[in-house]
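All remarks here apply to the structure that follows.
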Amino acid sequence: MADPTPSADDAGFSAVDFLAEATGGPRLRLAAGLRDTAHVLGTLIDKQLRSDPNALPYPYLRIMDALEQRPGASGRQLARAVVVTPQTVATILKRLEANDHVRRSPHEENRRAERWWLTDRGTEHCAEQRTLVERELAAVFQGVSRREIAEIARTMDRLSEIVLRAAERAGVF
(Lines give C-alpha, C1' and ligand atoms only; values in the text may rest on other atoms or scores of the structure.)
Protein backbone atom coordinates (compact mmCIF):
# COMPACT_ATOMS: atom_id res chain seq x y z
CA MET A 1 0.00 0.00 0.00
CA ALA A 2 1.27 3.48 -0.86
CA ASP A 3 2.23 5.86 1.95
CA PRO A 4 -0.69 8.35 2.29
CA THR A 5 1.54 10.98 3.99
CA PRO A 6 1.78 14.13 1.85
CA SER A 7 5.20 15.29 0.66
CA ALA A 8 6.42 18.66 -0.54
CA ASP A 9 5.86 17.43 -4.12
CA ASP A 10 2.15 16.98 -3.41
CA ALA A 11 1.18 20.65 -2.95
CA GLY A 12 -2.42 21.25 -3.94
CA PHE A 13 -3.64 17.76 -3.04
CA SER A 14 -6.05 17.26 -0.16
CA ALA A 15 -6.27 14.50 2.43
CA VAL A 16 -9.10 12.99 0.36
CA ASP A 17 -6.75 12.75 -2.63
CA PHE A 18 -4.12 10.94 -0.58
CA LEU A 19 -6.60 8.56 1.01
CA ALA A 20 -8.25 7.79 -2.32
CA GLU A 21 -4.90 7.11 -3.93
CA ALA A 22 -3.62 5.07 -0.99
CA THR A 23 -6.73 2.96 -0.46
CA GLY A 24 -8.10 2.90 -3.98
CA GLY A 25 -11.53 3.26 -2.40
CA PRO A 26 -14.11 3.95 -5.10
CA ARG A 27 -16.15 6.33 -2.93
CA LEU A 28 -13.09 8.42 -2.11
CA ARG A 29 -11.99 8.41 -5.74
CA LEU A 30 -15.50 9.49 -6.74
CA ALA A 31 -15.52 12.31 -4.16
CA ALA A 32 -12.08 13.53 -5.24
CA GLY A 33 -12.98 13.27 -8.92
CA LEU A 34 -16.24 15.20 -8.50
CA ARG A 35 -14.57 17.93 -6.46
CA ASP A 36 -11.68 18.30 -8.90
CA THR A 37 -13.94 18.24 -11.95
CA ALA A 38 -16.27 20.86 -10.45
CA HIS A 39 -13.32 23.10 -9.64
CA VAL A 40 -11.82 22.87 -13.12
CA LEU A 41 -15.19 23.38 -14.85
CA GLY A 42 -15.90 26.41 -12.65
CA THR A 43 -12.51 27.85 -13.56
CA LEU A 44 -13.11 27.31 -17.29
CA ILE A 45 -16.58 28.86 -17.09
CA ASP A 46 -15.28 31.87 -15.14
CA LYS A 47 -12.57 32.37 -17.77
CA GLN A 48 -15.14 32.26 -20.59
CA LEU A 49 -17.47 34.67 -18.78
CA ARG A 50 -14.63 37.13 -18.16
CA SER A 51 -14.15 37.33 -21.93
CA ASP A 52 -17.39 39.35 -22.00
CA PRO A 53 -17.03 42.86 -20.51
CA ASN A 54 -20.68 42.75 -19.37
CA ALA A 55 -20.40 39.34 -17.74
CA LEU A 56 -21.26 38.66 -14.14
CA PRO A 57 -19.27 36.18 -12.05
CA TYR A 58 -20.30 32.54 -12.39
CA PRO A 59 -21.89 32.36 -8.89
CA TYR A 60 -24.20 35.22 -9.88
CA LEU A 61 -25.19 33.38 -13.04
CA ARG A 62 -25.91 30.23 -11.02
CA ILE A 63 -28.25 32.17 -8.73
CA MET A 64 -29.97 33.81 -11.68
CA ASP A 65 -30.35 30.42 -13.35
CA ALA A 66 -31.85 29.00 -10.14
CA LEU A 67 -34.30 31.92 -10.04
CA GLU A 68 -35.27 31.28 -13.63
CA GLN A 69 -36.10 27.70 -12.65
CA ARG A 70 -37.71 28.67 -9.31
CA PRO A 71 -39.39 32.08 -9.65
CA GLY A 72 -40.33 33.50 -6.27
CA ALA A 73 -37.77 31.43 -4.35
CA SER A 74 -36.52 32.60 -0.99
CA GLY A 75 -32.86 33.26 -0.30
CA ARG A 76 -32.64 30.03 1.71
CA GLN A 77 -34.14 28.03 -1.17
CA LEU A 78 -31.65 29.59 -3.58
CA ALA A 79 -28.75 28.86 -1.23
CA ARG A 80 -29.69 25.19 -1.16
CA ALA A 81 -30.19 25.11 -4.95
CA VAL A 82 -26.71 26.48 -5.70
CA VAL A 83 -25.03 24.98 -2.60
CA VAL A 84 -23.75 28.13 -0.94
CA THR A 85 -24.54 29.80 2.37
CA PRO A 86 -27.65 31.97 2.75
CA GLN A 87 -25.31 34.89 3.58
CA THR A 88 -23.54 34.49 0.23
CA VAL A 89 -26.87 34.43 -1.59
CA ALA A 90 -28.05 37.54 0.28
CA THR A 91 -24.94 39.47 -0.76
CA ILE A 92 -25.23 38.39 -4.40
CA LEU A 93 -28.97 39.12 -4.53
CA LYS A 94 -28.42 42.66 -3.22
CA ARG A 95 -25.81 43.28 -5.92
CA LEU A 96 -28.06 41.80 -8.60
CA GLU A 97 -30.94 43.94 -7.35
CA ALA A 98 -28.78 47.09 -7.49
CA ASN A 99 -28.15 46.31 -11.18
CA ASP A 100 -31.84 45.62 -11.90
CA HIS A 101 -31.31 41.91 -12.55
CA VAL A 102 -33.65 40.74 -9.78
CA ARG A 103 -36.54 42.11 -7.75
CA ARG A 104 -37.96 41.09 -4.40
CA SER A 105 -41.18 41.11 -2.49
CA PRO A 106 -42.18 40.13 1.03
CA HIS A 107 -42.78 36.43 1.65
CA GLU A 108 -46.46 35.81 2.39
CA GLU A 109 -45.83 33.14 5.05
CA ASN A 110 -42.61 34.36 6.68
CA ARG A 111 -42.24 38.05 7.46
CA ARG A 112 -38.46 37.72 7.84
CA ALA A 113 -38.04 36.16 4.38
CA GLU A 114 -38.31 37.62 0.92
CA ARG A 115 -39.20 36.12 -2.42
CA TRP A 116 -37.07 36.85 -5.48
CA TRP A 117 -37.69 37.05 -9.24
CA LEU A 118 -35.60 37.82 -12.28
CA THR A 119 -36.39 41.08 -13.99
CA ASP A 120 -36.63 41.27 -17.79
CA ARG A 121 -33.09 42.61 -17.80
CA GLY A 122 -31.96 39.71 -15.59
CA THR A 123 -33.64 37.16 -17.86
CA GLU A 124 -31.95 38.64 -20.95
CA HIS A 125 -28.56 38.79 -19.25
CA CYS A 126 -28.91 35.20 -18.01
CA ALA A 127 -29.67 33.99 -21.56
CA GLU A 128 -26.66 35.86 -22.99
CA GLN A 129 -24.33 34.48 -20.35
CA ARG A 130 -25.70 30.96 -20.77
CA THR A 131 -24.76 31.14 -24.46
CA LEU A 132 -21.14 31.90 -23.50
CA VAL A 133 -21.11 29.05 -20.98
CA GLU A 134 -22.67 26.60 -23.45
CA ARG A 135 -20.01 27.48 -26.01
CA GLU A 136 -17.26 26.67 -23.50
CA LEU A 137 -18.96 23.46 -22.37
CA ALA A 138 -19.40 22.29 -25.97
CA ALA A 139 -15.64 22.58 -26.42
CA VAL A 140 -14.93 20.85 -23.10
CA PHE A 141 -17.27 17.93 -23.77
CA GLN A 142 -16.38 17.51 -27.44
CA GLY A 143 -16.41 13.78 -28.19
CA VAL A 144 -18.97 12.95 -25.51
CA SER A 145 -22.34 12.04 -27.02
CA ARG A 146 -25.61 13.71 -26.03
CA ARG A 147 -26.78 10.34 -24.72
CA GLU A 148 -23.70 10.00 -22.52
CA ILE A 149 -24.10 13.55 -21.23
CA ALA A 150 -27.78 12.87 -20.43
CA GLU A 151 -26.86 9.67 -18.55
CA ILE A 152 -24.15 11.43 -16.57
CA ALA A 153 -26.50 14.34 -15.81
CA ARG A 154 -29.15 11.95 -14.46
CA THR A 155 -26.57 10.26 -12.27
CA MET A 156 -25.26 13.64 -11.08
CA ASP A 157 -28.79 14.78 -10.18
CA ARG A 158 -29.20 11.65 -8.08
CA LEU A 159 -25.79 12.06 -6.43
CA SER A 160 -26.50 15.72 -5.72
CA GLU A 161 -29.71 14.88 -3.90
CA ILE A 162 -28.02 12.12 -1.88
CA VAL A 163 -25.13 14.37 -0.89
CA LEU A 164 -27.42 17.32 -0.06
CA ARG A 165 -29.55 15.10 2.19
CA ALA A 166 -26.39 13.92 3.96
CA ALA A 167 -25.24 17.51 4.36
CA GLU A 168 -28.60 18.50 5.84
CA ARG A 169 -28.43 15.59 8.30
CA ALA A 170 -24.94 16.72 9.28
CA GLY A 171 -26.17 20.28 9.81
CA VAL A 172 -24.10 21.73 6.98
CA PHE A 173 -27.18 23.41 5.43
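The values are calculated or read from the model by the stated rules, or taken from the named source; none is laboratory data. What you see is a predicted model, and the numbers here were worked out from it, not measured in a lab. Here the Cβ is made from the backbone with ideal geometry for all residues, glycine too, and neighbour counts use every protein chain on show.
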Quick check: is even one residue across segment 67-75 more than 21 Å from Val133 (Cα to Cα), assigned to a helix (DSSP H, G or I), touching a residue at least 24 places away in the same chain (Cβ under 8 Å) and not aromatic (Phe, Trp, Tyr)?
yes
Which of the residues that make up segment 116-152 are surrounded by fewer than 10 Cβ atoms within 10 Å (Cβ to Cβ), part of a loop (DSSP other than H, G, I, E, B) and of a type outside the set (Gly, Ala, Ser)?
Gln142
In the set Arg35, Arg103, Arg50, Arg111, which member is under 21 Å from Val172 (Cβ atoms) and of a type in the set (Lys, Arg)?
Arg35
State whether the residues of segment 35-43 include one that is surrounded by 14 or more Cβ atoms within 10 Å (Cβ to Cβ) and modelled with pLDDT of 80 or more.
yes
